[in-house]
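The values are calculated or read from the model by the stated rules, or taken from the named source; none is laboratory data. Keep in mind that what you see is a predicted model, and the values were worked out from it rather than measured. Neighbour counts are summed over all protein chains in view; Cβ atoms, including those assigned to glycine, are modelled from backbone coordinates with ideal geometry.
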Amino acid sequence: MNPAPQQPNDPQILLQLSFSYMPARVMMTAIQLNVFTHIADGKKTADAIAGAENASARGMRMLLDALTALQLLTKSGDVYDLTPLSKQCLVKGEDDYIGALWETDNMWDAWGGLTGIIKNGTPRHAVEVQEVAEQFFPILVKSLHVVNRNPAKLTAEVLGAGTTHHGLSVLDVACGSGVWGIAVGEADKDAKLTMQDFPAVLEHTKEYLKRHDVIDRADYIAGDLKEVDFGEERFDVAILGNIAHSEGEDSTRDLFKRINRALKPNGKIVVVDMIPNDERTAPPYPLLFALNMFINTSVGDCYTLAEYTDWLNEAGFSKIETADIASHSPLIIGTK
């Protein structure tokens, strides 16, 4: 018999919401205990995995059962196995492994301090500052490169890279792994890529450029995006892939103006970010991520399409469009 549907005023909703941290903690603990990697290596029972980690067999069995309920494992008798998703993304050493972000409790601990951070108004740390960024972002981009790979390919299609446009000159601002610029470079075999980020981050970018066989068409601008010189009328396309939310309004508006100067006539700025509706009432992810910026940056936030449109117009972009890239938010494209 199916349970009765919940009513909007059912207090069970609040109870379930209060426990919604549990699935995240289960997945993080499984990564930290190498559960998916052990199963890939042939240890497929609770006793075998617990023995490999010197952990409680009873606790491990409960953890594995929870992972099964979350559809991250399958179970037959006492034998557990990987799902296609966990096999692809949660086994250490695989190309698409995204678990590096959760191998420590840094993000978990940061959110655990949300009450105090909101009361005193001071972030736990400022990830946009070079010293922190050069430690944090090389870990983050290992996950983001995999997650953003398909949206980046769709972005290249929207730009007509390799179809209606060839030989594009592309600036990838605060590029991280370079996933957005790489996608354009793969689609347009004549594209030239300029990757900008902090020096230590760019060393990791180069590894991704090698992996995707575009490094011979890349050059670099090392430094803080607030201070570097992008030049004048150099680029056909400038990409801001999930950057504005950590920069804050003032830096973003200034950045738009400097990018406008760096673009050729009819050049395009591409903004990828978490975008709530204009009333800031939905969808949940951008609004929750805005809190993540309050925790982890000095002035970061998530901005609406109306705000981006005003700032882009102010910077000299006369035509603003959006496009679906099968992500949490639409792509924003401004034409000079």
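If I go through segment 260-301 residue by residue, how many of them are part of a strand (DSSP E or B) and not small (Gly, Ala, Ser)? Qualifying residue count for the region: 9. When Gly121 is tested against the conditions (1) surrounded by 16 or more Cβ atoms within 10 Å (Cβ to Cβ); (2) at positive phi, the lone failure is (1).
Those helices (runs of 4 or more DSSP H) of segment 11-116 in which 3 or more residues are in contact with a helix residue (DSSP H, G or I) (Cβ under 8 Å, 6 or more places away or on another chain) and within 29 Å of Phe137 (Cβ to Cβ) occupy 21-32, 35-40, 84-89, 106-112.
Scanning segment 150-169 for residues being over 19 Å from Ala323 (Cα atoms) and in contact with a helix residue (DSSP H, G or I) (Cβ under 7 Å, 6 or more places away or on another chain) gives a total of 1. Close Cβ contacts (under 6 Å, 6 or more residues apart or on different chains) running from residues in segment 269-284 that are more than 17 Å from Asn242 (Cα to Cα) to residues that are surrounded by fewer than 23 Cβ atoms within 10 Å (Cβ to Cβ) comprise Asp278/Thr304; Asp278/Ala306.
Checked against the criterion of being at positive phi, outside any helix (DSSP H, G or I) and surrounded by fewer than 18 Cβ atoms within 10 Å (Cβ to Cβ), segment 313-322 contains one or more residues that satisfy it. In the set (1) at pLDDT 90 or above; (2) surrounded by 16 or more Cβ atoms within 10 Å (Cβ to Cβ); (3) more than 14 Å from the chain's Cα centre (by Cα), Ile98 fails one condition alone, (3). Just one of (1) among the acidic types (Asp, Glu); (2) part of a loop (DSSP other than H, G, I, E, B); (3) more than 20 Å from Gly176 (Cα to Cα) fails for Glu227. It is (3).
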